[in-house]
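Let me begin by presenting the structure, written as structure tokens, before commenting on it.
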Amino acid sequence: MLILMESRSSTMEGGDAEVDYYTFMNIRKDATTEEIGQAFRRLSLIYHPDRHTDPVLRARSQELFDKVRKIYEVLMDPHRREIYDAVGEKGLELTGWEVVERGRTREEIVAEFVRIQRLYEMDQMHESTNPKGSFTLHASLSQLFDKNMANVFDGVFNLNGMTLVQSVQIPVNSAHCFVLAGKLQAYNGVGDGLLSLKLRSKLNAKTHSEVMLNFNGGMVLGVKLSRILLDLFVVSVTVSTPTRALVPSCDLSIDFSRPLSAKCIGHISVKFGTQCSVTTSLNFSTLKKNSFMIGCLVGLPTSMLMASYVHHFGCSGSNLQTSVKVGTMGVIADYSYEGQITQFSSLQYMFQIYYPLGIFSRVRLKRGKQVYETNISLAEHDFPVKAVLAGLLVSVFCRGMFNYCLKPLFYKIKDYITEEIDHPESTYNRQKREYELNVAVMSQEAKRLQTMEAQRYGLVITTALYGTFDSNLTPDKVIDVTYPVQLLVRDSKLIIFGGQSKSALNGFFDPHPGRRKKLKIDYTFRGIPHQYVFDDEDPVVMPKRAHLSTLASQRNRS
């Protein structure tokens, strides 16, 4: 029998990040006992304390050797491995399991863990209100591009109005939740407001309901019911009525989605009621998460053809989006660029030409679930060339300022503040010191493997760097992992399984928390130089012809 010893709060509310056992050992999650044993013998050879005479390196080797042995014992024990696979490392140390008997199924283990964790989740649920909000300014610069230059002196920038929206959730339990929302807006001196109260309920896994009560000069009561049918259709029925007139209106929507190929999904949406329409669309996506959509909407009062394309700029988190809509309402063409500042913050600029209404632009700052937006009208019912050129030039200027000024400046300020606050024994400094000791422990065996691979013209890692490759960042945001990567080479082949951050690999650490990192490897195979840059969670397989360096490729062609 196994009795778990540590308190619940310590494992759930703080402490160091969990070590991924499989990534640390560089094995698959479904690895056999033979593969686990091979990985254990390989790491034991590297970390055995008898290989070192220096007291500091010997002590660090003993710590790493004990860590490898602990992981090996967990993965070789079918019962403990089943617990780890089901709920992670915290499941091995969590109290409240009472006594977990050997022979329990995976489902029983998960159910036991869920029972223990539910009390903690209930406490967190009552503390979470999930606030969302947006603040929007409506402004006009149309007089700046007016043909009548006399109007320019009347005022270039005019503030037309503003909108404020805020909502909070009030959880009752895991299946029921109240949502309180409010909206205030003023435009051209006329104000309006809305107060909404909703009760959202999860009736079962496929059925959801929503009861709405809106106040906007009058009171409107509504009920919405949604259900998934045959795992293909989502059917929603909405019934609403003013409380004074008691004249109900009913809306029905049916959504159908189906994969047509590995990269294409088809979608059909049908709506009946106050607005009747049929929408069909095809969504194409690539492995790089770029997407293209074409669609058609037929309905009253609007029908249109539409197309959009979204291009993602790799690990930077930025994306470029363009779309065109042609229909009874006119022609809408827009372009937007969104740059990610941090994991939870982004800045977006949008430029739009809407015929026949005019030319518009928008600047939006998102911070978590709060949105701050400014809508600017550049021209109304007119399309001067200088307004179009100004909008495009501003978009190029904003993108350049974001990439080469605002973003680097933000990270420099953040790093400066972090360094001022952190004390010498901060988590980062401790991890860096451990990394340096680990590399020193690995160096002897790594040099031996490099020599052996070089003698047989195999796979020799000349340089391996891990971190954020940005010229504006300080050098300590990239770490040298040449020795740890060389130790992963077996029989002139290197395989690192994907799906997890490489910071969990043996001999690695996260040099820049919160930023997207890459692994850059320079290596020789059969005496020919190769080079490639891998994203943080991508698998690594070497050698490959596609990794040939530019100079080597030119020699091969000649």
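Quick rundown of the values:
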{"item": "Residue ranges of strands (runs of 3 or more DSSP E) in region 174-215 with at least 2 members closer than 30 Å to ASN158 by Cβ", "result": "176-187, 190-204"}
{"item": "Residue among ARG227, ARG258, ARG244 that is of a type in the set (D, E, K, R), assigned to a strand (DSSP E or B) and exposed (fewer than 14 other Cβ atoms within 10 Å of the Cβ)", "result": "ARG258"}
{"item": "Given (1) in contact with a Phe, Trp or Tyr (Cβ under 6 Å, 6 or more places away or on another chain); (2) outside any helix (DSSP H, G or I), number of the condition ASN375 does not satisfy", "result": "(1)"}
{"item": "Residues that are under 19 Å from LEU320 (Cα atoms) and either touching a Phe, Trp or Tyr at 6+ places or on another chain (Cβ under 6 Å) or part of a strand (DSSP E or B) (or both), drawn from region 378-402", "result": "GLY391, SER395, CYS398, ARG399"}
{"item": "Test: PHE351 is of a type in the set (Phe, Trp, Tyr), in contact (Cβ under 8 Å) with a residue 24 or more places away in the chain, surrounded by 15 or more Cβ atoms within 10 Å (Cβ to Cβ) and not assigned by TED's automatic domain parsing to the domain that holds TYR466", "result": "yes"}
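The values are calculated or read from the model by the stated rules, or taken from the named source; none is laboratory data. No experiment lies behind these values; they were computed from the predicted model shown. Ideal geometry is used to build each Cβ from the backbone, glycine not excepted, and the neighbour counts take in all protein chains shown.
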